[in-house]
1. Pull out the extension gain between Met603 and Arg208, defined as 0.36 nm times the separation in residues minus the alpha carbon to alpha carbon distance; nm, one decimal.
2. Which value in nm describes the separation of the simple spin-label points at Asp37 and Arg267, placed 7 Å from the Cα toward the beta carbon?
3. Rounding to the nearest 10 and keeping the result within 0 to 90°, find how far the Cα-based axis of helix 625-638 lies from the longest principal axis of the chain.
4. Taking the Cα-to-Cβ direction at Asp321 and at Ile405 and moving 7 Å from each Cα, how far apart do the two end points lie in nm?
5. May I ask you to derive the FRET efficiency for Gln586 and Ala356 from their Cβ-Cβ distance with R0 = 25 Å, giving the value to the nearest 0.05?
6. Which percent of Cα-Cα pairs in region 512-588 sits in each 5 Å bin, short to long?
7. Regarding region 96-150, what are the three Cα extents along the principal axes, ordered largest first, in Å?
8. So which of Lys443/Lys643; Lys423/Lys657; Lys423/Lys526; Lys97/Lys143; Lys451/Lys607 end up more than 23 Å apart by C-alpha?
Amino acid sequence: MNSRFAVLAALVSLAAFPAAAQETPSATRLTNDHYFDFERVSNAQISPDGARIVYTRQQANKIEDRWDSSLWIMTADGGQHRFLSKGSNPRWSSDGKRILYIAEGEPRGPQIFVRWIDTDGPATQVTHATNKVADARWSPDGKSIAFSMFVPEKDKWNISMPAAPDGAKWTGAPRVVETLHYRQDQVGFLEDGQTHLFVVSADGGAPRRITSGKWSAGAGELRGAVPLDWTPDSKAVVFEADRSAEADLHYQTSQLLVADLATGAMRELVAQPGSWSRPAVSPDGKTVAFTGYPQSKRTHTVSDLYVIPFAGGEMRKISGDYDRDPGNLHWSPDSAGVYFDADDRGSRNVEFAATAGGGVKPVTTGAHVLTMDSASSDLVAVGTRTDPDNPPDVVRYNLRRPGEITRLTSVNAGLLAGMHLAKTEEIDFTSSGNAKVQGWVVKPPDFDAAKKYPLILEIHGGPFAMYSVAFNYMFQNFAANDFVVLYLNPRGSTGYGTAFSGGIDHNYPGPDYDDLMAGVDAAIAKGLVDPTRMYVSGCSGGGVLSSWVIGHTDRFAAAAVRCPVIDWLSMTGNTDIPLFTYSFFQKPFWEDPSDWLAHSSVMTVGKVTTPTLLMTGLLDRRTPMPQTEEYYAALKVRGVPVKLLQFEGEYHGTGSKPSNFIRTQLYMMSWFKKYARTAEGKSTPASAAAGGGNE
């Protein structure tokens, strides 16, 4: 037989394998049949007088296979808790009599609505935009609303096409893309254009466009929001703008601009080049607080907290040597300092920095993820709190006396009643270069210390992101099926300071691989892991690292590589990340491709023996499908057991739709249960493999 056809015949035979047993439904463990009943809460907003709270609640729509958002309202003590309206992203007017929010409206898509709280009757649809509106903010006088909207660039390239015959059905004209500012529309195509700011009357009417030109308000579509704030006199808006497409492409920069609404004039607030964001105007209108860092060629830089006179002048850093990224800035009523929340070693808490100096002072403490979504005029804050045992719920706390945090909701109490949840245990260990690394082990319910369990190493994306102690349904579900879950914050993770996140500067993947392997060794040393049944998985940045791992070790019995980047060279022209040419490497590939190749998982595919499941959304433009297909083809040609799952209706990731989250979990566990490693280090079908699925 021709050797080429012999290889093809062998590959065909690998495709027919028995599926591992499906998950067994349980009334006492958090299995996937419960997922449609799981609810989410976010964006808690307290009225200026501190009397009432409105927040966003998400429920899975089992019929439409999506998450539906609704607004719920209650008194500040948690009483009179009730449904208010469909929608999300609420904001109170300064007099506390109205809220604005985003909901589906006419003619299509998200629109701004305004609702009077103490008056019967429907809400008023304020905008009637044909493009998606977002980031709506009240003016302090309650007369206007500022918002952002993507403005497509119309094709102005006219060519002399011959006239079409009567009744002809010619193909439409091509879309013309000529800038780095573009977005992905609902059908998966790229659309050229920019995000701009608008102002509309709170009573409705035609919106007025504030910004224009070949640049975007906000730092591109990746940020997903345009940080902005009004001045107390309602005469101007301070906002973030991105002009990096017109600047030196070595840098990804953003600046802060002030727009005068009466004249339309704009001026730059911060003169120093850099990446500046999250403007917050002080109550007295004299000062603007903001976060960011001076222009840098590093792949990631931790932001500092600054202030600058609104009228212009010198900027000052007030966060001292804090070395964490501030978020959710909120001024004290006397304009003497700024409260903010920040990630730190897997937790999030609230901090305070005085404008007079003295560095950052802790306001709250604890091993939890606590947000500061809003605060009343007397500094009663509301947000959400979660920990490994508790999904997020709305909480209230006093920034002047933060010792007591009061939980106001229990949206998943019915679902979790009688459930035996997994327990999460922190582990700390030392990796190469004496790096101190933090991670967590999630143990199955009814854990038996005398047994050894299969292990899933789940790797976070980013790479500049942080796993936290927040409740995680994925991990709980794996543990409910008797897997031990190991999740870590290797070098490159945020929440550990500049030196730690910079550990992979222009070297990704790099020493983060060492940290992952040291974490696996630490878990094994605890005596709870079966080394013959270890598995590795991750999405996006986790897809990068999981594919990198199996190209450098054969210790894992199987892998689930989700939405990966495996070839940095081809990624450049496929991803929707602006300025990706300089994201991770110091030189563009046309000057020196060596780093690009050395850090691409496809270059180590010849060493892979690990059975690999590949999973990517068909509409993914962040880590596009060709990346996954390239890796699949290479593994297939080499004869490595491999399956490719292309998820319908998914952009980046494979679990935005409830049914696809469940599929992701079940396919992964089915794949893992199929394989174990022999004493010789080879993956073989596990004896437990049996049964079949229904897809």
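A short reminder: the numbers here are calculations on the coordinates, not readings from a lab. Computed from a predicted model, the values in this text were never measured in an experiment. Here the Cβ is made from the backbone with ideal geometry for all residues, glycine too, and neighbour counts use every protein chain on show.
1. Separation in residues times 0.36 nm, less the Cα-Cα distance, equals 137.0 nm.
2. 6.0
3. 10
4. 2.8
5. The value I calculate is 0.05.
6. 3, 14, 20, 21, 16, 11, 7, 5, 3, 0
7. 31, 24, 12
8. Pairs exceeding 23 Å: Lys443/Lys643; Lys423/Lys657; Lys451/Lys607.
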